[in-house]
1. Taking a probe of 1.4 Å, how large is the accessible area per residue of the stretch 218-307, in Å²?
2. Taking a probe of 1.4 angstrom, what is the accessible area of THR330 in Å², to the nearest 10?
3. Å³ per residue of the Cα convex hull, for the stretch 200-335?
4. Grab every C-alpha pair in the stretch 260-344, bin the distances at 10 angstrom width from 0 up to the longest one, and report whole percents.
5. Which distance in Å, rounded to a whole number, links the C-alpha centroids of the stretch 271-287 and the stretch 303-378?
6. How big is the stretch 127-233 in terms of Cα radius of gyration and Dmax, in angstroms?
7. Just the accessible area for VAL406, please: 1.4 Å probe, Å², rounded to the nearest 10?
8. Please report, as a whole percent, how much of the solvent-accessible surface of the stretch 279-348 comes from carbon and sulfur atoms (probe radius 1.4 Å).
Amino acid sequence: ARGRSAQPLQTEPMDCATSAQGIAPQVIGRGALADDGWGRGAANSRNPFRALVSQLREVIRVVLDFDAEASATDEQEQQGLSEAASLPSKQRNAIYLVTPILQQALSLPLSGSSAENSDLGVALVGVLWWLAIAFVVAQLFSLARFGESFFGLMTGSVVESIHEGQGWLVKVHIVGGTLLWTIAFLQIAARPLRQEPYAIVHRILGRAMLLNWFFVMGPSSAVLSLLTSIGPNRKHLMMTLFSVISMDTSLLASYYFWRGFRIARRRTRGAASLALHGIAMRMGCALTMVILLQRPMQLMAVIARKAFLLVAGLVPESWVMLHGAAGFMTTSVFDHHALLSVTTILTGGSCLIFMLDGPRSNLAILAMGLDREGSRDFFESAAPTPAEMRFWRLRYLLYLVLRALVTHGFTVDPISRV
């Protein structure tokens, strides 16, 4: 590994024209897991931060992997196969993805065939979509049977309730989200629709998905994030953090969806642009699915709260101090809005804090595996303008200003103004 890292870097641009799923068994050997994609497998053991960033990139792209060639012909796919197979090993390893960090977390061996890694990626995709199905079914059943959102029902109409001032918008958001993920699933799973003569169906569904996001889901997400309630215990700070993270997720998803659409329209690099289009759409879809990581944590926290209250109810009334402590815990640690905010910070917030420069951040670029040509194609510029960088770096301040306006300087509940 040390010898390889000392070699001069190759100057050929990386071509991500094909997905890892189709050709990984042909180009990744058993030694790929020891390499981080930069030709520094052993060196990364002495640089844990670089190894972590590289592995996070691999995890994101494996979990979200689907065929990136939206309407490419079979000839384009074969062209991408031959081009990728001719790349140097360090570039191939940067394109075709493995999941060592997840294998470590799951106590799986760090060696094995690429087929085993592919099976792990398929399993992770299955888990993600089963979470989406479970959440959508729970929301729709709760809305149809009880006239309340699922977490509104679980929290006694305290969090995300249909009966709040913006309840009608919550209904729109639930229906729009169901439609968005349904189309996204079809775009991912229905592989024949991405090939001629059915590629027109893929394009129509893609445009329907984008229209749904930019005119229904995106605006409703932004408004609900901005006007989220502070709750009966007035959790201004906690809900402001939740609002900032949620608004940033919506903004970034919109950016990646728009860029994905632009890349597919321009196709400046042919099959490679179509591959980049797929990566951009995956990133946007991933940002809309951050909630799928937060919801199970929130549900477990709500159940823990109910268990805590049940045990506290068994304490004799004469134990005044314990009852007082239980009451404090209920309105602080186990407050429904505090639980919503904390679980959101632990999921979405844990990644967004490393994206001060937005899509121009190193983490975002590494997650997409962009090289110089890919960055030029994605951003439509070789380098960001000063105005663009100022916008990304000041966006958190913009969120805080907007939140301060709707809460009258963090003094009132924005729901009361709806």
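1. Working: 3180 Å² over 90 residues.
Value returned for the stretch 218-307: 35 Å² of accessible area per residue.
2. 30 Å²
3. Working: hull volume 16.4 nm³, N = 136.
Normalising the Cα hull of the stretch 200-335 by residue number yields 120 Å³.
4. Result returned by the calculation: 16, 26, 17, 14, 12, 9, 5, 1.
5. 28 Å
6. Answer for the stretch 127-233, Rg first and Dmax second: 16.2, 58 Å.
7. For VAL406, solvent-accessible area is about 30 Å².
8. Values: 2810 of 3440 Å².
Here it works out to 82 percent.
The values are calculated or read from the model by the stated rules, or taken from the named source; none is laboratory data. Since we're looking at a predicted model, the values are computed, not measured. No Cβ is skipped: glycine too gets one built from the backbone with ideal geometry, and neighbour counts run over all protein chains shown. Protein only, heavy atoms only, side chains kept; ligands, DNA and RNA dropped before computing areas. Shrake-Rupley method; radii C 1.70, N 1.55, O 1.52, S 1.80 Å.
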